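Structure first, commentary second.
Read-outs throughout are calculated quantities, based only on the coordinates presented, and are distinct from any laboratory measurement. Remember, it's a predicted structure, so these values are computed and weren't measured experimentally. Backbone-built Cβ (ideal geometry, glycine too); neighbour counts: all protein chains shown.
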Amino acid sequence: MLTYEYKLDGTPVQYAAIDEGIRVGQFLRNKCVRAWMDRTEEGKSFATMSAYTAVLAQQFAFAAKLGSQARQASAERAWHAVQRFYENCQQQKPGKKGYPRFKHDCRSIEYKVAGWHLEPDGRHITFTDGLGIGRLRLIGTRAIETFPVQQIKRVRLIRRADGYYCQFCVAATRQIDHVPTGKQTGIDVGLNAFYTDSEGNTVDNPRYYRKSEGKLKRLHREVSRKSNRHKDTTKPKPSQRGNKYPRQTPMPSAQPPAAQRPPSKNYQKARKALSKQHLHVQRQREDDARKVAYALVMSSDLIAFEDLQVSNLVKNPYLAKSISDAGWSLFLGWVRYYAGLAGIACIAVPPAYTSQNCSGCGRMVQKSLSVRTHCCPHCGLILDRDQNAALNILQEALRILGHRKTATS
Ligand SMILES: [Zn+2]
């Protein structure tokens with residue numbers, strides 16, 4: 001499945017219609033989850049949930065506006081949440097199992113193969129269900145029109161901080177021509193360098209969040225300042241707090257108490273600016289992860305990395321932000337993806353002792369996190385700590401691979 005994304009160009013009325021669709025989709029999904037929680041007939045399986053959305057469309061006029069396939073896709077989302085919960089329980093995954101929750105901030109709506117029409121030039125899309133979204137222009141460089149329409153299995157409308165987007169899921173596979181390089185690479189991801197490979201090359205850690213942190217903090221302060229959630233007009237103002245003779249009764253005000261007033265225009269603006277900045281950081285990180293992963297996959301025939309449980313690592317309060325900022329999971333996800341496309345081996349090894357053992361003689365050399373150089377007292381090997389770990393990872397991966405080969409032959 002390939003996903004092509006375009007930005008949408010439409011009118012405020014059309015965007016409002018998309019918002020309405022997103023709300024309806026969320027409503028239907030939550031209703032299905034509720035049915036499952038209450039153990040009613042409707043919530044038993046995907047088929048019953050799907051049928052339930054049709055019943056809901058009869059009950060609620062606003063739900064009928066959304067096309068029937070989009071309603072089914074909402075049921076699919078609900079069922080997906082339930083299924084994932086079951087799977088986690090069956091596999092006895094440690095920690096929380098992800099009991100399905102109600103969504104309150106949905107940002108997308110999915111259509112299957114009906115309810116929309118793509119124009120042959122691939123520049124415009126028209127939504128034909130009762131929401132009245134109408135015809136939208138697609139902004140992007142990808143050529144969706146080169147695929148037969150039958151291959152487009154999903155169309156997704158997404159709201160982001162900087163506008164509305166349309167994604168097409170196309171049933172097609174992509175392949176990368178991989179020229180064998182004869183290189184096998186083990187990588188050790190870290191905080192000082194983004195990763196160190198087994199030859200000692202390093203890639204810098206871009207630390208996008210850290211670079212934007214000051215700006216994000218400022219924007220966040222703006223949001224807090226302009227929010228009226230914490231404002232209370234009945235309390236004396238800071239200037240009156242030290243007043244010996246405070247006013248007995250607060251000034252009568254024509255306005256309702258601040259907490260009940262709708263959020264102000266300036267608050268909305270500040271919130272938007274903040275979410276845009278977050279989106280910017282997210283995109284920078286994504287872009288970097290993809291490029292680095294692609295370059296890595298193209299430059300070697302086998303890639304080995306540690307099977308990190310990032311969710312456990314971020315529990316360390318001193319390093320959580322740095323680790324999250326590095327985006328290892330994102331990066332390793334892309335390495336796996338590109339390796340799959342290029343048809344090269346990509347092996348995750350269990351992370352035990354990779355940094356403590358000596359890559360030369362295999363004996364254990366204890367060192368704390370602050371020791372950056374590996375000096376082996378047994379065989380005299382002196383290496384960078386991370387390169388030593390990368391070599392261990394590569395050796396472990398080759399060992400695993402050897403086991404697999406003897407098992408299959
Ligand atoms: Zn040694």
Apply 1/(1 + (r/R0)^6) to the Cβ-Cβ distance of Q282 and C379, taking R0 = 45 Å, and write down the FRET efficiency to the nearest 0.05.
0.50
Longest principal axis of the chain (C-alpha) makes with the long axis of helix 328-342 (C-alpha) an angle, in degrees to the nearest 10, of 70
Cross-link table K93/K291; K97/K272; K97/K291; K31/K153; K103/K276, entries beyond 28 Å C-alpha to C-alpha:
K93/K291; K97/K272; K97/K291
Scoring the chain by relative contact order with C-alpha pairs under 8 Å, at least six apart, yields a percentage of 15
Less than 13 Å apart at the alpha-carbon level, and either on another chain or at least 8 residues along: which aspartates and glutamates does that give for K96?
E87
The chain - Cys residues lacking any other Cys C-beta under 4.7 Å
C32, C89, C106, C166, C169, C346, C375
Quick check for you: which residues of the stretch 72-91 have the amide N under 19 Å from the point 7 Å beyond the Cα of S45 toward its beta carbon?
72-87
Give the distance, in whole Å, between the Cα centre of the stretch 157-173 and the Cα centre of the stretch 84-124.
13
At the level of C-alpha centres, the distance separating the stretch 1-42 and the stretch 348-364, in angstrom, is 48
Report, in debye and to the nearest 20, how large the dipole of the chain comes out about its Cα centre when Lys and Arg carry +1 and Asp and Glu carry -1 on their Cβ.
2460
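At R0 = 56 Å, how high is the FRET efficiency between S68 and K367 if r is their beta carbon distance? Nearest 0.05 is fine. Don't skip to the end; give the middle numbers.
On the way: r = 62 Å, r/R0 = 1.11.
Computed FRET efficiency for S68 and K367: 0.35.
Size of the dipole of the stretch 2-170 about the Cα centre, Lys and Arg at +1 and Asp and Glu at -1 on the beta carbon, nothing else charged, in debye to 20? Don't jump to the answer; show the numbers that get you there.
Working: 27 positive and 16 negative charges, 123 e Å.
Here the stretch 2-170 has a charge dipole of around 580 debye.
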Angle check, please: helix 46-59 long axis (alpha carbons) against the longest principal axis of the chain (alpha carbons), in degrees 0 to 90, nearest 10.
20
Final fewest-first order of F27, F331 on the 10 Å Cβ neighbour count is F27, F331
If D121, D325, D386 are placed from fewest to most neighbouring beta carbons inside 10 Å, the sequence is D121, D325, D386
Considering just Cα atoms, how many Å³ per residue does the convex hull of the stretch 2-170 enclose?
131
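Tell me, R159, R23, R101 in order of fewest to most beta-carbon neighbours within 10 Å? All intermediate terms of the calculation are to be shown ahead of the outcome.
Numbers: R159 17, R23 14, R101 10.
Fewest-to-most ranking of R159, R23, R101: R101, R23, R159.
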Does anyone have the angle between helix 265-298 and the longest principal axis of the chain? Alpha-carbon axes, 0 to 90°, nearest 10?
30
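Restricting to DSSP loop positions (anything but H, G, I, E, B) with no more than 10 other Cβ atoms inside 10 Å of their own Cβ, which trypsin sites (Lys or Arg not before Pro) remain in the stretch 331-409? Working shown, then result.
Details: sites: R336, R363, K367, R372, R385, R399, R404, K405; in loops: R363, K367, R372.
Taking the stretch 331-409 and a limit of 10 other Cβ atoms within 10 Å, the loop trypsin sites (Lys or Arg not before Pro) found are R372.
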